[in-house]
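The values are calculated or read from the model by the stated rules, or taken from the named source; none is laboratory data. The structure presented is a predicted model; accordingly, all values stated were derived computationally and were not measured. Using ideal geometry, Cβ is built from the backbone for each residue, glycine included, and neighbour counts are taken over all protein chains shown. In case anyone asks, the SASA skips ligands and DNA or RNA and just uses the protein heavy atoms, side chains included. Shrake-Rupley method; radii C 1.70, N 1.55, O 1.52, S 1.80 Å.
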Amino acid sequence: RNKVNIAILALLVFVVAFAYIYPALTHYDPFANLMDPASKHLGPVEAMGYFGASLKWILGTGASGEPTFDAIWNGSRISISLAFLCAAINMTIGVCIGAVWGFSKKVDMIMMEIYNIVGNVPTILIISVMAMLFAPTFWTMVFALTITGWLFIAYQIRIQVVIIRDREYNLASRCLGTSTIKIAMKNILPFMTSVIVTLLATEIPSYIS
């Protein structure tokens, strides 16, 4: 019912859609004008005067004579794709493991030790090491952002699970012999939708950053 939220969501959908549609309809070659020194670092008016009136020159040109407008949207498509893919992987693994982690005290002992070790290593350091060990490609970034990224999500889920794991319906399920995984997936996760959505909303922009 909040019109401001609807307007902002519509803007978000437009930006995401445009980031995929525009590059698909245009051919972007960042080095097409590399050998033309007159095409570099042009303002919007200069670029349109040199190349002709076109949407792609609306923000001028860059250091290689590339259209800045096209460069922004091609970069946006890569960033958004990276964020969505990493969020899907990390959230799936993190939520499932976090649910079991918070409910099982045996798993909790093991995972807390892993978290205490890995959590002290800066994420940017892991990404840098992965980029040095492997070619700095899209899939290297995905691997670097997901190799430990799920652990921090799992820890957040674990905190929420600990809060609700000893409620009456969970104790009843345990007494009836229900497995830990089934209790975590059926009794706990459905009540954590808002937490999961909030985590997802913060994870996606963090991967873009």
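Could you check how much of the accessible area of the chain is carbon and sulfur, as a whole percent, using a 1.4 Å probe? Carbon and sulfur: 70 percent of the exposed surface of the chain. Look at the dipole of the chain built from charges on Cβ: of PHE103, ALA172, ALA71, the Cα furthest out on the positive end belongs to ALA172. Could you work out [θ]222 nm for the chain from helices alone, using -39500 (n - 2.57) per DSSP H run of at least four and dividing by all its residues? Round to the nearest 500 deg cm²/dmol. It lands at -22500 deg cm²/dmol. Take the chain, connect every pair of alpha-carbon atoms lying under 10 Å apart with a spring to form a Gaussian network, then pick out the residue of ALA184, ALA131, ALA53 with the largest mean-square fluctuation. The residue that fluctuates most here is ALA53. Taking the centroid of alpha carbons for each part, the stretch 18-66 and the stretch 126-156 are 33 Å apart. Backbone amide hydrogens, once placed in the peptide plane, bring THR148 within less than 5 Å of nothing, excluding anything fewer than 5 places away on its chain.
Sorting the segments 8-16, 152-160 by their mean number of nearby beta carbons within 10 angstrom, highest to lowest, gives 152-160, 8-16. The listed residues PHE84, PHE69, PHE51, PHE191 rank as PHE191, PHE84, PHE51, PHE69 when sorted by accessible area, largest first, using a 1.4 Å probe.
Accessible area per residue (1.4 Å probe, heavy atoms of protein chains only) ranks LYS182, LYS106 as LYS106, LYS182, with the largest value leading. Rounded to the nearest 10 square angstrom, THR26 shows an accessible area of 40 square angstrom against a 1.4 Å probe. At a probe radius of 1.4 angstrom, the accessible area of the chain per residue rounds to 61 square angstrom.
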